[in-house]
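Encoded as structure tokens, the structure appears first; notes follow it.
The values are calculated or read from the model by the stated rules, or taken from the named source; none is laboratory data. Remember, predicted model here, so these are calculated numbers, not experimental data. Every residue, glycine among them, receives a Cβ derived from its backbone with ideal geometry; neighbour counts consider all protein chains shown. These accessible areas exclude ligands, DNA and RNA; they are computed on the full protein's heavy atoms, side chains included. Shrake-Rupley method; radii C 1.70, N 1.55, O 1.52, S 1.80 Å.
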Amino acid sequence: MNPFLYKAHPLLHRLISLLLDPTSATPADALALAALMLGLNLLWVPALLWAALKTDRLRLSLPLAYGLALPASLLYTPMLLTVVSDVAAHGFRFQERFLLVFALFVVSQTLAGLYAFALRHRPSGYPAGLMTGETIALFMLLYSLVMAAGLLGLDTVFGIFRGL
């Protein structure tokens, strides 16, 4: 059994099953999942804009911010929904989630590298650097924790993940 799928949130389960076996989903299911993830990415764009502005006074255009927030949204959200739902249910056990926590560490380091070289200063064109990338990636991780808790609350009220 895949250790990521052990008591996973439906969004994480659906994304991993879609990645492992794309033929298992209908095109309508894949489009609905893509639309959900692209819509959720809109919540991460203001955080990236604010973090880039505060860490290194980088002003990003909205399309660039949307594109750079997409990896954080796609990678952090499903894993943190699983972890936060375990914590909220008082069922978090590190023995069951060590691989997921390690994956969060790897994702944050990967996003730090992405942001370090993808974000550039406007007049000079130089990359923002690893310290800026690390700061923004860790801020996005902390922001994703809060957003995961909020999304779980919205899911209990409105059922946004029930169709998965």
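Which of rounded, prolate, oblate describes the stretch 36-81, given a ≥ b ≥ c as roots of the alpha-carbon gyration tensor eigenvalues and a/c under 1.5 marking rounded, otherwise prolate only if a/b is larger than b/c?
It comes out prolate by the Cα gyration axes.
In the chain, what percent of the accessible surface is made up of carbon and sulfur (1.4 Å probe, ligands and nucleic acids excluded)?
Ligands and nucleic acids excluded, carbon and sulfur reach 71 percent.
For L31 and Q109 in the same chain, what is the full-extension length gain: residue separation times 0.36 nm, less their Cα-Cα distance, in nm?
25.2 nm
Report, in whole Å, the centroid distance computed from the Cα atoms of the stretch 144-164 and the stretch 39-117.
16 Å
Spin-label point model (7 Å from Cα, Cβ direction): what's the W50 to T156 distance in nm?
Calculated label separation equals 2.4 nm.
Which of (i) 1, 6, 10, 11, 12, 10, 9, 8, 7, 7, 6, 4, 3, 2, 1, 1, 0; (ii) 1, 9, 18, 22, 22, 15, 8, 4, 1, 0, 0; (iii) 1, 9, 17, 20, 18, 15, 10, 6, 2, 1, 0 is the computed P(r) over Cα pairs in 5 Å bins from 0, in percent for the structure on display?
(iii)
What does the extension gain come out to for D21 and L43, with contour length at 0.36 nm per residue minus their alpha carbon separation? Numbers along the way, then the final one.
Details: separation 22, 0.36 × 22 = 7.92 nm, distance 2.84 nm.
Fully extending the segment from D21 to L43 adds 5.1 nm.
Considering Cα pairs under 8 angstrom that are at least six residues apart, work out the relative contact order of the stretch 10-158 and quote it in whole percent.
Dividing the mean separation by the residue count of the stretch 10-158 yields 24 percent.
Using a 1.4 angstrom probe, figure out how much accessible area the chain has per residue, in square angstrom, rounded to the nearest whole.
55 Å²
Return one number: the angle in degrees, 0 to 90 and rounded to the nearest 10, between the long axis of the Cα atoms of helix 45-56 and the longest principal axis of the Cα atoms of the chain.
Orientation of helix 45-56: about 40 degrees from the principal axis.
Put +1 on the Cβ of each Lys and Arg and -1 on the Cβ of each Asp and Glu in the chain; which of L68, F102, G39 then has its Cα farthest toward the positive end of the dipole?
It is L68, whose Cα lies furthest towards the positive end.
Taking only Cα atoms and a 10 Å spring cutoff, compute GNM fluctuations for the chain and point out the largest among L12, L80, L58.
Of L12, L80, L58, the most mobile in the Gaussian network model is L58.
With runs of 4+ DSSP H residues as the only contributors, calculate the mean residue ellipticity of the chain at 222 nm using -39,500 (n - 2.57) per run, divided by the residue total and rounded to the nearest 500. Intermediate results must be reported in sequence, preceding the final value.
Working: 6 runs with 119 residues, N = 164.
One gets -25000 deg cm²/dmol as the mean residue ellipticity at 222 nm.
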